[in-house]
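Working notes for the structure below.
The values are calculated or read from the model by the stated rules, or taken from the named source; none is laboratory data. All values derive from a computational prediction rather than experimental measurement. Here Cβ is always computed from backbone atoms with ideal geometry, including for glycine, and neighbour counts include all displayed protein chains.
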């Protein structure tokens, strides 16, 4: 076994962690791990947003429902499976990874035995010879369904039927087997062609009380328990109501869009992967969700077109680790959703994108273009420092500035103080103060009299 879990302080030790590069916090107690992550995110978002306490797992092991292994040989010619050493294509043998599903690990062990028994040679990227290249195992924990994807360098599968028979005999939990063809010189695990050689070619799982179909190359969160916590928090933060149009960008197989649909008026999902879109449409049917539509395409391109004449009340975005792009972010600002929920697996790219959305002076200047120059714009600045003559400086890039608002830690503090003062005022005085701040003038006699009449009618004066 490569790894070991110590229950007392929830610590993982691993003999290959230094070479594997998959885990950064081995030999560190779990509470300490969470503390280090909390510190990192808090520092990243300092001055931009307050960070809530990280929600950890009760038992942070064996949670991955997706296991990937590269296939090779050792010096003795024996089949090995594992992960590439960071920055190389040298395979580090892994036997018993502590964060991967135990049943998947057992299947991987049997596959190594069968590859050896059937004399399947690992694929050589340089010579283009050999057969087996990668193994991908996906599990539906709620359904106990298991998919095995065998990534091969050629279509021909020697002794296929005999191999399938032996695998199913050794691993009865396997419900489908897919051969994926990848003979390209690429770091991508999966090729473009799938051949279903046993079962239905997909598995299903239950997430947030909804059932989802998962294909070999579809994105599905690898930690179901934490994902359910994440989605509940995201939907709560979005404040979705029955009149809302929700855009689920980078939607994958539709998990969060379908979860949000019961709270919304309608949901629009956009995803680049055509197979994932197909799964998402099926998933909507499986769960009898009728107020959701899915579209295939780039999220940025879609939102650019959508922003021309349509409006979204809520946008939920879950981009890849590289983050979102300029086109998407500009369109996001243009459609002015009431709330944006940004789900990210990489806080470093998330903070880069959030800064653009929240309006730091340098970012606004950098992103200014001719398209916006003639538009009426409202600008909210997040800079902590005071920028002299800021409206004049922005005026060099935007012809029609309706307002420039500063939203930082100091103004939020003042706002809270003002709210406290307003609570102590009479309804008339509170509105009088609000009116002056909004219009930069006092109410005239006619306006004052009208508001007093309104207060009298509602019994406030």
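Odds and ends about this structure:
- Taking (1) surrounded by fewer than 19 Cβ atoms within 10 Å (Cβ to Cβ); (2) over 32 Å from the mean Cα position of the chain (by Cα) in turn, residue 122 satisfies each apart from (1).
- Considering 206, 247, the condition of being closer than 29 Å to residue 55 by Cβ and in contact with a helix residue (DSSP H, G or I) (Cβ under 8 Å, 6 or more places away or on another chain) is satisfied by 247 alone.
- Residue, farthest from residue 203 (Cα to Cα), within segment 98-127, restricted to residues that are at pLDDT 85 or above and in a loop (DSSP other than H, G, I, E, B): 127
- Residue list for segment 188-200, filter: modelled with pLDDT of 95 or more and surrounded by fewer than 17 Cβ atoms within 10 Å (Cβ to Cβ): 195, 196, 200
- Output for segment 290-321, where each listed residue is closer than 23 Å to residue 214 by Cα, surrounded by fewer than 20 Cβ atoms within 10 Å (Cβ to Cβ) and free of Cβ contacts under 8 Å to residues at least 60 places away in the same chain: 290, 291, 293, 295, 296, 297, 298, 321
- Segment 377-396, subset surrounded by fewer than 14 Cβ atoms within 10 Å (Cβ to Cβ) and part of a helix (DSSP H, G or I), residue modelled with the lowest pLDDT: 391
- Leading residue by the ranking (surrounded by the most Cβ atoms within 10 Å (Cβ to Cβ)) among those in segment 14-50 that are assigned to a helix (DSSP H, G or I), touching a strand residue (DSSP E or B) at 6+ places or on another chain (Cβ under 8 Å) and touching a residue at least 60 places away in the same chain (Cβ under 8 Å): 20
- Each residue in segment 78-90 was checked for being out of contact with any helix residue (DSSP H, G or I) (no Cβ under 9 Å at 6 or more places or on another chain) and under 20 Å from residue 120 (Cβ atoms), and 1 pass.
- The lone exception for residue 324 - which of (1) in a loop (DSSP other than H, G, I, E, B); (2) touching a helix residue (DSSP H, G or I) at 6+ places or on another chain (Cβ under 8 Å); (3) at pLDDT 90 or above it fails: (3)
- In segment 128-142, of all residues being outside any loop (DSSP other than H, G, I, E, B), farther than 18 Å from residue 101 by Cα and out of contact with any helix residue (DSSP H, G or I) (no Cβ under 9 Å at 6 or more places or on another chain), the one that is modelled with the lowest pLDDT corresponds to 129.
- Among the strands (runs of 3 or more DSSP E) confined to segment 147-253, the ones with at least 3 residues that are within 19 Å of residue 103 (Cβ to Cβ) and touching a residue at least 24 places away in the same chain (Cβ under 8 Å) are located at 174-181, 203-207.
- Residue that is modelled with the lowest pLDDT [pool: residues in segment 397-412 that are closer than 21 Å to residue 435 by Cα and out of contact with any strand residue (DSSP E or B) (no Cβ under 7 Å at 6 or more places or on another chain)]: 412
- Scope segment 304-331; condition more than 19 Å from residue 264 (Cα to Cα) and touching a strand residue (DSSP E or B) at 6+ places or on another chain (Cβ under 9 Å); matching residues: 319, 324, 328
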